[in-house]
Amino acid sequence: MNIQWYPGHMTKAKRAMKEDIKLIDLIIELVDARVPLSSRNPDIDDLGAGKARIVLLNKSDLADERYNSAWESYFIAKGCHVIKVNSKSGAGLKQINGVVQEACKEKIERDRRRGILNRPVRAMVVGIPNVGKSTFINSFAGKACTKTGNRPGVTKGNQWIRLNKSLELLDTPGILWPKFEDQQVGIKLAIIGSVNDEILNKDELAMELIRFLTKEYPKVLSERYGIETEDSLEALRQVAQARACLAKGGELDLVKASNLLIDDFRSGKLGRMTLELPVQ
């Protein structure tokens, strides 16, 4: 598979972020806890050089708990503050205000020495498409401030949100980078839903997921679908049979089976899984 997706609005969004970075004190970066490295936009490190950083391991409830702690340690070693969160349920969000104050301690002290009191911390919220930024902001603010959707590209422009006297957030559109040098990164992002589904070959993507599951979580496919083969195409056929995914004439509908399998993974119905591990 060769996956590339960089629509025009992302170029515009990146330019806007470059301008706005001058106004902010802190970057809050959401990553998908199932693919924490692949779901980081490498451009953010350049854009945010010298800024305080908080990494939110979002959707941590869908990721393998054994590996959440390993990723937490990985990002701490990189100099980031890290919190495991679930934006939908609100889990972990209460820790954020305290961590913001800790991350921006130097800035707050500097303001105090200059006689500037109560200036809010300005934080830019960044992340790739469909990683849950808008859901996070709405949950954190306790009200609907931004549009949300279960597809990439819902947020199209930057938006300031004043949460309280001490914190303002700048919501930014999800942006990828112009080219995936490693196609495994593109495949992982497609599996979690950060690439537009309409450009994907879903049966090929499903077989990539099957190959991963067969290797790393071998019992899952047999327990959920009764699959007893390591051949990815045959396994996909067995998913179609198990879930009665049929086309006209009674033939197996592999595209329908592929969508079902990928949706089961994305929603957590296959269990908690992590697609990549940190290398120290």
* Asked: Which residue, chosen from VAL55, ILE21, SER39, occupies the Cα position most advanced towards the positive end of the dipole of segment 1-80, where the dipole is computed from +1 (Lys, Arg) and -1 (Asp, Glu) charges on Cβ about the Cα centre?
  -> ILE21
* To do: Starting from segment 199-265, pick out the trypsin sites (Lys or Arg not before Pro) whose DSSP state is loop and whose Cβ has at most 16 other Cβ atoms within 10 Å.
  => ARG243
* **log₁₀ of I(q)/I(0) at q = 0.24, 0.26, 0.28 Å⁻¹ - segment 235-280, Debye sum with one point per alpha carbon** => -0.82, -0.89, -0.96
* Candidates per GluC sites (Glu not before Pro) in segment 171-237, loop by DSSP, up to 12 other Cβ within 10 Å -> GLU181, GLU228
* For the chain, size of Cβ-based charge dipole, Lys and Arg +1, Asp and Glu -1, in debye -> 1560
* **Reach of LYS22 by Cα under 19 Å, taken over lysines that are not fewer than 8 positions away in the same chain** => LYS12, LYS14, LYS51, LYS105, LYS107
* Given charges at Cβ of Lys, Arg, Asp, Glu: segment 158-280 dipole, positive-most of ILE199, LEU209, PHE265 -> PHE265
* To do: Note down the magnitude of the dipole of segment 149-267 about its Cα centre, charges +1 on Lys and Arg C-beta and -1 on Asp and Glu C-beta and zero elsewhere, to the nearest 20 debye.
  => 540
* Asked: Can you give the calculated 222 nm mean residue ellipticity of the chain, where each DSSP H run of n ≥ 4 adds -39,500 (n - 2.57) and the sum is split over every residue, rounded to the nearest 500 deg cm²/dmol?
  -> -12000 deg cm²/dmol
* Structure fact -> Quick note, segment 1-118: a/c under 1.5 would make it rounded; otherwise a/b > b/c is prolate and the rest oblate (a ≥ b ≥ c, C-alpha gyration tensor); here it is oblate
* Structure fact -> Sorting GLY132, LEU167, LEU236 by the position of each Cα along the dipole of the chain (Lys, Arg +1; Asp, Glu -1; all at Cβ), the one nearest the positive end of that ordering is LEU167
* To do: With viscosity set to 1.567 mPa s and temperature to 4 °C, compute the Stokes-Einstein D of segment 53-107, Rh being the Kirkwood radius across alpha carbon pairs; µm²/s, no decimals.
  => 111
* **Range of Cα positions in segment 68-141 per principal axis (Å), largest first** => 40, 29, 22
* **Acute angle (nearest 10 degrees) that the helix 254-267 long axis makes with the longest principal axis of the chain, alpha-carbon atoms** => 40
* To do: Could you work out the mean projected area of the convex hull around the alpha carbons of the chain, in square nanometres to one decimal?
  => 15.5
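Read-outs: derived from the displayed coordinates by stated rules, not from any lab. All values reported here derive from a predicted model rather than from experimental measurement. We place every Cβ from the backbone using ideal geometry, glycine too, and count neighbours over all the protein chains shown.
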